[in-house]
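Visitor: Submitted below is the structure of interest, expressed as structure tokens.
The values are calculated or read from the model by the stated rules, or taken from the named source; none is laboratory data. Model, not experiment: these values are computed from the prediction. A quick note on method: Cβ atoms are made from the backbone with ideal geometry, for glycine too, and the neighbour counts reach across all protein chains shown.
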Amino acid sequence: ASSWSRLGQADFHKTAITSAKDVSSPDRNYIQRSTVPTYHFQKSLPRLPVPKLEKTCERFLKSLTPLVSSEQHAKTADVLAKFQQNEGKELHEELLAQNKKNKHTSYISGPWFDMYLKDRRPVPMTHSPFIAFQDDPRPEYNEQALRAANLVMSSARFMRSLREEVLEPEVYHLNPAASDTLAFRKRLPEFVSWYGAYWYKAFPLDMSQYGNLFNSTRIPRPDKDELYKDPAAKHLLVMRQGHFYIFDILDRDDNIIDETEILAHLKYILADTTPPPTHPLGVLTTADRDTWTKARRQLINAADRNELFLQLIDTAAFCLVLDDEDLADPIQLSRSFLFSDGVNRWFDKSFQLIMSKRGTAAVNFEHAWGDGVAIMRYFKELYKDTTTNAFLHPDSQPAKVDSSRVVQRLEFQLDPFLEETITKVREEFAQRTASLDMNYFESLQLNKDIAKQYKLSPDSLMQLVVQLAHYRLHGKCVGTYESCSTSAFKHGRTETVRPCTVATHKLCRQLFESKEAASVQDMQATIRECSSMHNTLTREAAMGQGFDRHLFAMRKLAEAKGQSPAFYSDEGYRTMIYDILSTSTLPDPSVMIGGFCPVVPDGYGVGYAIQDRGVGFNITAYKPHKDATSFVQSLEASLVDVHNILDGKTPSK
Ligand code: BUJ
């Protein structure tokens, strides 16, 4: 989300524990020991506002302008005006009343969990994104077992800090020099703590999702899946060649086991020569949720131990995936991190930490429980801890332990129905993944500094390039989604920024329609309009003043009452929410690449990042509807165009 760059975590490096290497030191259990408790601000976080109905209608109509003809726009405006006076008014009042009664949460939390958990489509490709880590700058630390063991160690330290509530609260510092100080850290009573932080221009973010990071899973259930966790569990789940292994990473007293033992157990798993299962169970987590619900029930009925084993998978700290394929090509790697063939994966876990044979690592996360802010905090801390404070080194020897007595391989008992289901699901998944096209590119032509030199917001420029790329290829504006965090509010999730605006449409016409003659100066002025309009939209979204979630919550209320207001089936509304362009960014130096699938069959998934050195895009599309390569080419050309315009050169039409 664009706002993540602004609402990103503060720099809490100061509290990182540096004397952690002493095995007997309790500090080795913690990645941080914050003096301000993790959930200190939680109680006093502000509530996500329900926007005024007239504002929502106004914002919607403005956003619709570039997407439909003026006749359609007038029709939709008419339907919306009726909605605003009738059903919409009632639904809005009802939403306000409900919201007033549920002060512990936000108006969007319930409907948003339902959106994910009631969705019967498969979790991978529909919702789960991936983010890959930069390699460790020291090549010798990227060896698979070594890096995996260090990542497990740092994850365990993160997990313990969170459990004991000594992980620094997530705070966005508007003025770090003033607020990231000792005075700020002096505690204010919890119920007013948010106001104290506000005084320092520091905005604490919602941390309610963090409780679902570890020991947590999604379980397929009829109609609506369940989020399930056991916050006291001590074991890790490791997958290799479709097998499941578990071992405890915490001892009896909840201390993290010796890092050399972790290394020994992982090496033992990597050396296991048991042939891969003919019917790999993990594949079932790629199925639609109804098929998986049925299969899971059957699995539990097939043998007593199966239920116990499922419980172990469900409650494990997280799923570490050790892959055997030697992939080097970034697209092959991205495909493997995003979906693979499903054999060596368990997509239901809150997240999977995937390690390729060459030591490239990535996180693939299930989306129902949480959003980018929570996963990125874990991701960044993990990268920093393993690259600056590694517990294991290339010369570290694994502990002399008998791993065969500690590591348990879970041998499920399958019946013919399950075997058949696995085969079928595997084929279907292979078909779906085969139709997914992916391509990426990086460029040094644009970066954060260049954007700032021109006094333009970096994110707005990236979004503009995406708009131009689509228009150049398809000659029209389409529904565009940019994810924006609303974690500044209690139980906030995300809001949609609608980056296709009248201003971006104007630049598209100036560039691509020969009748719209415009000078370079005109186009520069339009770029500034684009940027300022995008800034306003982003600020509004981050403050809970978008229109998408409000309209969505009212639609869900109407559905629950069996009502179907005409506005929601109107062409204008349908066009708006048909997100041909689904975009998101997680800009951080620790991210190498990331991505997600399109959200509609004929759409594009657009992962992008603008960094200090350059920009990058990672594009997905479903064949035969669309192809990622031509979109990438169009992005490259658009980047050149924007660059030329800003440079005062006339772009070639
Ligand atoms: O908006 C929401 O509620 C959730 C969204 C859903 N969707 C992905 C469909 C937009 N979820 C997120 O935004 C989570 C983040 C997804 C991962 C983002 C990947 C960013 C890739 C950056 C790297 C690209 C650089 C390539 C360089 C070659």
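Visitor: Is there any pair with a first residue in the stretch 253-274 that is free of Cβ contacts under 8 Å to residues at least 60 places away in the same chain and a second that is of a type in the set (A, V, I, L, M) and in a helix (DSSP H, G or I) whose Cβ atoms are under 9 Å apart and which are 6 or more apart or on different chains, and what are they?
Guide: Final answer for the pair search is I257/A156.
Visitor: For V373, work out the one condition from (1) part of a helix (DSSP H, G or I); (2) closer than 30 Å to P139 by Cβ; (3) not aromatic (F, W, Y) it doesn't fulfil.
Guide: For V373, the exception is condition (2).
Visitor: Please find, within the stretch 571-587, the residue that is nearest to the ligand (Cβ to nearest atom) out of those that are surrounded by fewer than 19 Cβ atoms within 10 Å (Cβ to Cβ) and among the charged types (D, E, K, R). Spell out the reasoning first.
Guide: So in the stretch 571-587, the residues surrounded by fewer than 19 Cβ atoms within 10 Å (Cβ to Cβ) come out as 571, 574-575, 577-578.
Among the residues that remain, those that are also among the charged types (D, E, K, R) are: 571, 574.
Working: E571: 23, R574: 18 Å.
Taking the candidates together, the pick is R574.
Visitor: From V600, V632, V642, which residue is in a loop (DSSP other than H, G, I, E, B) and either in contact with a strand residue (DSSP E or B) (Cβ under 9 Å, 6 or more places away or on another chain) or under 30 Å from A525 (Cβ atoms) (or both)? Steps first, answer last, please.
Guide: Numbers: V632 fails: in a loop (DSSP other than H, G, I, E, B); V642 fails: in a loop (DSSP other than H, G, I, E, B).
None of the others qualify; the one that does is V600.
Visitor: Right, another one. What are the residues in the stretch 441-478 that are in a loop (DSSP other than H, G, I, E, B), hydrophobic (A, V, I, L, M, F, W, C), modelled with pLDDT of 95 or more and closer than 23 Å to A628 by Cα, if any? Give the derivation first.
Guide: First, the residues of the stretch 441-478 that are in a loop (DSSP other than H, G, I, E, B): 444-447, 454-457, 475-478.
This time we only want the ones that are hydrophobic (A, V, I, L, M, F, W, C), so: 444, 446, 456, 477-478.
Checking which are modelled with pLDDT of 95 or more leaves us with 456, 477-478.
Hits for the stretch 441-478 are C477, V478.
Visitor: Given the criteria more than 14 Å from the ligand (Cβ to nearest atom), touching a residue at least 12 places away in the same chain (Cβ under 8 Å) and within 30 Å of K224 (Cα to Cα), does K349 qualify?
Guide: On the way: more than 14 Å from the ligand (Cβ to nearest atom): yes; touching a residue at least 12 places away in the same chain (Cβ under 8 Å): yes; within 30 Å of K224 (Cα to Cα): yes.
For K349, the condition - more than 14 Å from the ligand (Cβ to nearest atom), touching a residue at least 12 places away in the same chain (Cβ under 8 Å) and within 30 Å of K224 (Cα to Cα) - is met.
Visitor: Could you tell me which of the residues S334, S340 is buried (at least 21 other Cβ atoms within 10 Å of the Cβ), within 20 Å of the chain's Cα centre (by Cα) and within 16 Å of the ligand (Cβ to nearest atom)? Reasoning before the result, please.
Guide: On the way: S340 fails: within 16 Å of the ligand (Cβ to nearest atom).
Every option except S334 fails the conditions.
Visitor: Got at least one residue in the stretch 459-470 being β-branched (V, I, T) and within 16 Å of the ligand (Cβ to nearest atom)? Before you say what the answer is, go through the steps one by one.
Guide: Residues of the stretch 459-470 that are β-branched (V, I, T), as a first pass: 465-466.
Checking which are within 16 Å of the ligand (Cβ to nearest atom) leaves us with 465-466.
Checked against the condition, which is being β-branched (V, I, T) and within 16 Å of the ligand (Cβ to nearest atom), the stretch 459-470 yields at least one hit.
Visitor: Of all residues in the stretch 480-535, which are of a type in the set (S, T, Y) and under 30 Å from Y195 (Cα atoms)?
Guide: Of the stretch 480-535, the ones of a type in the set (S, T, Y) are 480-481, 483, 485-487, 494, 496, 501, 504, 514, 519, 526, 531-532.
Matches in the stretch 480-535: S483, S485, T486, S487, T494, T496, S532.
Visitor: Would you say T291 is hydroxyl-bearing (S, T, Y), part of a loop (DSSP other than H, G, I, E, B) and surrounded by fewer than 22 Cβ atoms within 10 Å (Cβ to Cβ)? Walk me through how you get there before you give the answer.
Guide: Values: hydroxyl-bearing (S, T, Y): yes; part of a loop (DSSP other than H, G, I, E, B): no; surrounded by fewer than 22 Cβ atoms within 10 Å (Cβ to Cβ): yes.
For T291, the condition - hydroxyl-bearing (S, T, Y), part of a loop (DSSP other than H, G, I, E, B) and surrounded by fewer than 22 Cβ atoms within 10 Å (Cβ to Cβ) - is not met.
Visitor: Does S564 fit the bill of being of a type in the set (S, T, N, Q), in contact with a helix residue (DSSP H, G or I) (Cβ under 9 Å, 6 or more places away or on another chain) and surrounded by fewer than 21 Cβ atoms within 10 Å (Cβ to Cβ)? Reasoning before the result, please.
Guide: Numbers: of a type in the set (S, T, N, Q): yes; in contact with a helix residue (DSSP H, G or I) (Cβ under 9 Å, 6 or more places away or on another chain): yes; surrounded by fewer than 21 Cβ atoms within 10 Å (Cβ to Cβ): yes.
Spelling it out, S564 is indeed of a type in the set (S, T, N, Q), in contact with a helix residue (DSSP H, G or I) (Cβ under 9 Å, 6 or more places away or on another chain) and surrounded by fewer than 21 Cβ atoms within 10 Å (Cβ to Cβ).
Visitor: So, one more: When residues of the stretch 590-605 are filtered for being closer than 21 Å to M115 by Cβ, surrounded by fewer than 23 Cβ atoms within 10 Å (Cβ to Cβ) and within 8 Å of the ligand (Cβ to nearest atom), how many remain?
Guide: Selection size over the stretch 590-605: 1.
Visitor: Since S106 meets every condition but one in (1) in contact (Cβ under 8 Å) with a residue 60 or more places away in the chain; (2) in a helix (DSSP H, G or I); (3) under 30 Å from I219 (Cβ atoms), which condition does it not meet?
Guide: Exception for S106: condition (2).
Visitor: Of the conditions (1) buried (at least 17 other Cβ atoms within 10 Å of the Cβ); (2) more than 16 Å from the ligand (Cβ to nearest atom); (3) closer than 26 Å to V466 by Cβ, S435 fails just one. Which one is it?
Guide: Only one criterion is unmet by S435, namely (1).
Visitor: Being farther than 18 Å from S564 by Cβ, in a helix (DSSP H, G or I) and not charged (D, E, K, R) is the filter here; which residues of the stretch 61-80 pass it?
Guide: Those that are farther than 18 Å from S564 by Cβ, in a helix (DSSP H, G or I) and not charged (D, E, K, R): L61, S63, L64, S70, Q72, H73, A74, A77.
Visitor: Look through F552, F547, F596 and report the one residue that is in contact with a Phe, Trp or Tyr (Cβ under 7 Å, 6 or more places away or on another chain) and not small (G, A, S). Before you say what the answer is, go through the steps one by one.
Guide: Details: F552 fails: in contact with a Phe, Trp or Tyr (Cβ under 7 Å, 6 or more places away or on another chain); F596 fails: in contact with a Phe, Trp or Tyr (Cβ under 7 Å, 6 or more places away or on another chain).
Within the list F552, F547, F596, the selection yields F547.
Visitor: Quick one: in the stretch 438-460, which of the residues that are of a type in the set (D, E) and out of contact with any Ser or Thr (no Cβ under 6 Å at 6 or more places or on another chain) is surrounded by the most Cβ atoms within 10 Å (Cβ to Cβ)?
Guide: As a first pass, look at the stretch 438-460 and keep what is of a type in the set (D, E): 442, 449, 459.
Those still in the list that are out of contact with any Ser or Thr (no Cβ under 6 Å at 6 or more places or on another chain) too: 442, 449.
Details: E442: 15, D449: 11.
Among those residues, the one meeting the criterion is E442.
Visitor: Follow-up. Can you tell me which of (1) of a type outside the set (V, I, T); (2) surrounded by fewer than 19 Cβ atoms within 10 Å (Cβ to Cβ); (3) within 16 Å of the ligand (Cβ to nearest atom) is the one K424 doesn't meet?
Guide: (3)
Visitor: Taking the condition within 24 Å of I354 (Cβ to Cβ) and within 11 Å of the ligand (Cβ to nearest atom), does Y608 pass?
Guide: Numbers: within 24 Å of I354 (Cβ to Cβ): yes; within 11 Å of the ligand (Cβ to nearest atom): yes.
Yes.
Visitor: Every residue in the stretch 118-153 that is within 30 Å of H393 (Cα to Cα) and within 16 Å of the ligand (Cβ to nearest atom), please. Can you show your working first?
Guide: In the first step, residues of the stretch 118-153 are kept if they are within 30 Å of H393 (Cα to Cα); the result is 130-153.
Across the stretch 118-153, the qualifying residues are F130, I131, A132, F133, Q134, D135.
Visitor: A follow-up question, please. Looking only at the stretch 310-331, which residues are buried (at least 21 other Cβ atoms within 10 Å of the Cβ) and either part of a strand (DSSP E or B) or at pLDDT below 95 (or both)?
Guide: C319, L320, V321, L322
Visitor: Inspect the stretch 294-304 for any residue being within 30 Å of R221 (Cα to Cα) and part of a loop (DSSP other than H, G, I, E, B) and give the result as yes or no.
Guide: Yes, the stretch 294-304 has at least one match.
Visitor: A further question follows. Select from the stretch 251-286 the residues that are of a type in the set (A, V, I, L, M) and assigned to a helix (DSSP H, G or I) and list them in ascending order.
Guide: Residues of the stretch 251-286 that are of a type in the set (A, V, I, L, M), as a first pass: 256-257, 262-264, 266, 269-271, 281, 283-284.
Hits for the stretch 251-286 are I262, L263, A264, L266, I269, L270, A271, L281, V283, L284.
Visitor: Separate question: Does T620 satisfy the condition of being touching a Leu at 6+ places or on another chain (Cβ under 7 Å) and more than 9 Å from the ligand (Cβ to nearest atom)? It would help to see each step written out before you state the result.
Guide: On the way: touching a Leu at 6+ places or on another chain (Cβ under 7 Å): yes; more than 9 Å from the ligand (Cβ to nearest atom): yes.
Yes.
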